[in-house]
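Take a look at the structure below.
The values are calculated or read from the model by the stated rules, or taken from the named source; none is laboratory data. What you see is a predicted model; the values in this text were computed from it and never measured. Using ideal geometry, Cβ is built from the backbone for each residue, glycine included, and neighbour counts are taken over all protein chains shown. Keep in mind that these areas ignore ligands, DNA and RNA; they rest on the heavy atoms of the full protein, side chains included. Shrake-Rupley method; radii C 1.70, N 1.55, O 1.52, S 1.80 Å.
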Amino acid sequence: MPTATEERNLNATAQLAAAAVVPAAGRGERLGPGAPKALRELGGVPLLVHAVRALARSRAVGLVVVAAPPDGVAEVAALLDSHGLAGKDIRVVAGGATRQESVRLGLAAIPAEVGIVLVHDAARPLVPVEVVDAVAAAVRAGAGAVVPAVPLADTVKRVSPQPDGGPEPVLETPDRATLRAVQTPQGFLRATLHEVHEKALAEEAEGGLPPVTDDAGLVERFGGRVVVVPGHEEAFKVTRPLDLVLAEAVLARRRASDGF
């Protein structure tokens, strides 16, 4: 049972705004040749700017750290400034060769007193602010790791990939009712996120398991508990050219309805 002093410290931590890390050092080859994916434009504005704005709109977020390509830190900082984000508490640091490394470097730039950290994909530019708020609130309420997610609309098959690219035998059809498509931002107690990244770094040094595709996966790998809160259909990831077309349509609707 915590002492009175410990309770005051816990309450003080709970009131601190969360920080968010945006790993944006990747190339995003599936969108085709050209600029890094985070710098591709949506409605005349880079995806990264949309993503940072979405986080900055949340009252739960007091700091956004962008992990940029190592040779593009000054460029990304100037880009964010030029889109009216200079007044926000936004920091740009050099990212790494992998998403996992970029998150770790972004986490290191967050002041030690911040107890809640969100990690958000730059390629999810249209996440509604209520999703950001819900994730931060769930961590503040006591969850160590939180992901927003939506139910799947399609039936899913688990298959056996074939080296020659031939027809793939179906192994099973999981119950769709138990499956969710996970989005970002994902939220964590800072101590939880730091611990799993340190463990992953040690594993890499020993030639262990490959990097996972999201930070909640790291928590799961090392035995932690992850909970799900409702996501939103507009928080989809812009990965392929068709996704960009859909994002343009969503953005045009928002601008027509509320001047987004």
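Miscellaneous remarks
- Any hit, segment 83-101, residues being assigned to a helix (DSSP H, G or I), under 16 Å from the mean Cα position of the chain (by Cα), among the acidic types (D, E) and modelled with pLDDT under 95: yes
- Cβ-Cβ contacts under 7 Å between residues 6 or more apart (or on different chains), taken from a first residue in segment 243-254 that is part of a helix (DSSP H, G or I) to a second residue that is of a type in the set (V, I, T) and open to solvent by less than 20 Å² (accessible area, probe 1.4 Å), are listed as L244/V238; A247/V238.
- Some residue of segment 78-88 being under 27 Å from L201 (Cα atoms) and surrounded by 21 or more Cβ atoms within 10 Å (Cβ to Cβ): no
So that you can scan it fast, the table gives a plain yes or no per residue for (1) part of a helix (DSSP H, G or I); (2) touching a helix residue (DSSP H, G or I) at 6+ places or on another chain (Cβ under 8 Å); (3) modelled with pLDDT of 95 or more:
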position: D121; (1), (2), (3): no, yes, yes
position: E130; (1), (2), (3): yes, no, yes
position: A134; (1), (2), (3): yes, no, yes
position: A143; (1), (2), (3): no, no, yes
position: V150; (1), (2), (3): no, yes, yes
position: A153; (1), (2), (3): no, no, no
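- Within segment 187-214, considering residues that are under 24 Å from R158 (Cβ atoms) and touching a residue at least 60 places away in the same chain (Cβ under 8 Å), the one most open to solvent (accessible area, probe 1.4 Å): T213
- Test for R180: is it under 24 Å from the mean Cα position of the chain (by Cα) and open to solvent by 50 Å² or more (accessible area, probe 1.4 Å): yes
- Any chance G224 is outside any helix (DSSP H, G or I) and in contact with a Gly (Cβ under 7 Å, 6 or more places away or on another chain): yes
- Residues (in contact (Cβ under 8 Å) with a residue 12 or more places away in the chain and either surrounded by 20 or more Cβ atoms within 10 Å (Cβ to Cβ) or of a type outside the set (S, T, N, Q) (or both)) located in segment 155-176: V156, K157, R158, V159, V170, L171, E172, P174, R176
- Of everything listed in (1) open to solvent by 70 Å² or more (accessible area, probe 1.4 Å); (2) at pLDDT 95 or above, the single unmet condition for A249 is (1).
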